[in-house]
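Starting off with a structure, shown below.
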Amino acid sequence: MLKQRIITALILAPLALCGFFLLEGGSFALFIGAVVVLGGWEWARLSGFEAQSSRILYAVVVAALLFLLYLLPDLAPWLLVAALIWWLMATWLVLTFPESSAHWASAICKLVIGLLILLPAWQGLVLIKQMPLGNWLILSVMILVWGADIGAYFSGKAFGKRKLAPKVSPGKSWEGLYGGLAACLLITAVVGVYRGWSLGEIIFALVSAAIVVLISVVGDLTESMFKRKSGVKDSSNLLPGHGGVLDRIDSLTAAIPVFALLLWAAKDWGVM
C-alpha cells in the first residue's frame with residue numbers, strides 16, 4: 001500500500017503542480033474542470049447511484065454547468081455566497097449526525113449538495129487564478145489546508161483524547177484541530193512579518209487563516225459523513241493507494257470558495 005501511495009504521488013504531484021501553476025485562462029479552467037467532473041462521477045456513487053450510466057450522466061451534468069459558469073462569470077459571486085451558506089449548514093449537519101441525515105437522505109438532495117460542493121470549488125480557483133499573484137494565492141490556500149492536516153496529525157497523535165466528531169470520523173480529535181490551527185496561524189504570522197504587512201493586515205490574515213482552516217475541517221468531515229452513510233471507505237479507486245479524487249480534495253472544496261470570498265473582502269475593505 002505504501003509503495004502504491006508513493007508511486008501515485010510521484011506521478012500525480014508534478015502533473016498537478018504544472019496544471020495549477022503553468023496553465024492560464026481557459027486551459028486552467030479546463031484542467032480544474034476535469035478534476036471536478038471526476039469528483040462528480042465519484043459523488044454520484046456517494047449519492048446512491050452505483051450504475052456507471054447514472055454516474056457518467058451526473059458527471060456530464062457537472063461538466064455542462066461548469067461550461068455555463070465559464071460563459072456567465074457574473075454568476076460567480078452568487079455561487080460563492082451559496083457555497084458559504086452551504087458550508088455553514090454542513091457544519092450543523094456534521095455536528096448533529098446521524099440524526100441530521102434525515103434532512104439529506106434523498107438521492108436528489110445528495111446530488112444537489114454535490115453541486116454545492118464541486119461547482120464553487122472550481123469557480124473559486126478560477127477567480128483566484130485571475131487575481132494579482134494568483135499562483136501564490138492558490139499555493140497559500142493549499143499550504144493552509146496541508147499545514148492544518150499535518151499539524152492536526154502530529155498534535156492528535158501526541159495529545160489527542162477528546163473526539164471531534166466520533167460518529168463521523170472517530171480518528172479526529174479536538175487536540176488535533178487545535179494543533180492544525182496553531183500551525184497555520186504560525187505560518188501566516190511568519191509570512192506576514194517576512195513580507196512586512198501592517199498590523200491590520202496581519203490581524204486580517206490570521207482571522208482569515210483560522211476561518212479557512214476551520215471550514216476545511218468541515219469539508220473533510222462532510223465527505224466522511226456521506227461515505228459513512230453510504231457504507232464506503234473511499235470515494236473511488238481512481239488513485240491507487242489514495243482512494244478517489246474527492247478523498248484528496250475534500251478539504252479544499254470547502255476552503256477554496258471561502259478563501260476566494262475573503263480575498264474579495266480584503267480588496268473591498270482595502271486590506272489588499
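Values quoted throughout were computed directly from the atomic coordinates according to the rules given, and no laboratory measurement underlies them. No experiment lies behind these values; they were computed from the predicted model shown. Methodologically, a virtual Cβ is constructed for each residue, glycine included, from the backbone with ideal geometry; neighbour enumeration extends over all protein chains shown.
In sequence order, what are the phi-derived ³J(HN,Hα) couplings for segment 258-264 according to the Karplus relation 6.51 cos²θ - 1.76 cosθ + 1.60 with θ = phi - 60°, rounded to whole Hz, with x for glycine and proline?
Whole-Hz 3J(HN,Hα) from phi for segment 258-264: 5, 4, 4, 4, 5, 5, 4.
What is the set of long-range amide H partners of Ser235 at a cut-off below 5 Å, with H atoms built 1.01 Å from backbone N?
Gly244, Asp247
Oh, and also: Rounded to the nearest 20 debye, what is the charge dipole size of the chain about its Cα centre when +1 sits on each Lys and Arg Cβ and -1 on each Asp and Glu Cβ?
Dipole size: approximately 740 debye.
Report the residue, chosen from Ser169, Ser101, Ser198, that carries the largest GNM mean-square fluctuation when the chain is represented by alpha-carbon nodes joined by springs under 10 Å.
Ser198
For segment 172-182, take each phi angle, set θ = phi - 60°, evaluate the Karplus expression 6.51 cos²θ - 1.76 cosθ + 1.60, and give the result in whole Hz per residue in order, putting x for glycine and proline.
With the stated coefficients, segment 172-182 comes to 8, 10, 5, 5, x, 4, 4, x, x, 5, 4 Hz.
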